[in-house]
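The numbers here are math on the coordinates, done by the rules we state, and not lab data. None of these values were measured; they are calculated from a predicted model. All Cβ positions, even for glycine, are placed from backbone atoms using ideal geometry, and neighbour counts span all protein chains on display.
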């Protein structure tokens, strides 16, 4: 029998269960039993169980909300119909923005203030400070900073608007010999910005392992059923295989990203409160690519944002976002790859793509799911819609970095009587925690760089 242990003051589970949650093979048998989590096969359970909070959606938002609720003393579960982080969360570039790039456009200045404290907060969480939020000391910080470069006077423009936005993360100009080799000879100023970059999957894994008994996998969207009247949820029925449980939540949070629209529709509620802004991300792969994290800015736009990761075989992967990904929505995959190759040659002349061994390209599309704004632009902050006096909350983090602000807003918005309620922990038998989604670059079709046709300059 697998045995639960207490490590460093928090629940830790066996190696078999950890391998199952992160998608590694646990042998020919079914995944390890949740006996390690205090569940017992055949454990009698009432027909319906009361619970303080049910969170629907196991991305960065849902996991952070679950953690905040448990820290607040609430009984809570997070329900996922696919894999943890699938869709938007695992595809995020992992930069903990402090608002600097928002100072490039006057219309974005209002977004700089809400996000300004996030780099310092995430860095503190990575150091394992338990008073501030989830312990992220086991998560991988890919880089403690990002780099900004462009061809004209970057320092003067950012200095003026950065002061106006009262940024906490101040950029610093670095001398030529302190620059990364890729941008050592870039004309104009090169800035170092203390905005950490996290490996997204490692963050999801770390947060999942903190509360595995509260993470529930169900059989797709059909594995969760709501009993509601006028959009007020009275019961949530969960199903996975032969397992079934009925919960009576005091509050429900939809934190399912693009799935929030379908959830609202299922309750007969208006789904037009949500919007989606699509991206066409580009991937560059080679075992000899240097790891690099930065933004090339051009005028008032982020021309290309580059972050680095590694695939299952240890090869370096560059994710290319920024304006390249936004404008790329109108291009097919082949045109996007050709355009991206041209952009990389233009912004990083020190990188000779033709000499990179086994260089290859791919693309994928992903939607940024957000609360709708009148203009259709990005919201300035994490967003929350409260219905039925906080008993149904619809949540969007807007940016990966803003998940802590969203979770705090959710706890604040819950009905006050929930905090004072005395609810026993639920007992669920037969359910497993969801696996963690793969990075978007795994199991993709790749095009060799030698086969990429050239594109006209931007």
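Data for the structure
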quantity	calculated
Virtual spin-label span in nm between residue 365 and residue 184, 7 Å along Cα→Cβ	4.2 nm
Full-stretch length increase - residue 262, residue 113 - with 0.36 nm per residue and alpha-carbon distance subtracted	50.5 nm
Extension gain (nm, one decimal) between residue 342 and residue 291, 0.36 nm per residue minus Cα-Cα	16.4 nm
Additional length obtainable on full extension of the chain from residue 131 to residue 222, 0.36 nm per residue less Cα span	29.0 nm
Sorted by Cβ density within 10 Å, fewest first, the residues 400, 446	446, 400
Proxy reagent accessibility, fewest Cβ within 10 Å first, across 296, 78	296, 78
Förster radius 35 Å - calculated FRET efficiency between residue 424 and residue 121 (Cβ-Cβ, nearest 0.05)	0.60
Label zone at residue 50, where the point sits 7 Å out along the Cα-to-Cβ direction: segment 229-270 residues whose backbone N lies under 17 Å	233-236, 246-252
Principal semi-axes in Å for segment 227-317 [√(5λ), Cα gyration tensor, largest first]	42, 22, 10
Exposure proxy order (Cβ contacts within 10 Å, fewest to most) of 141, 118	141, 118
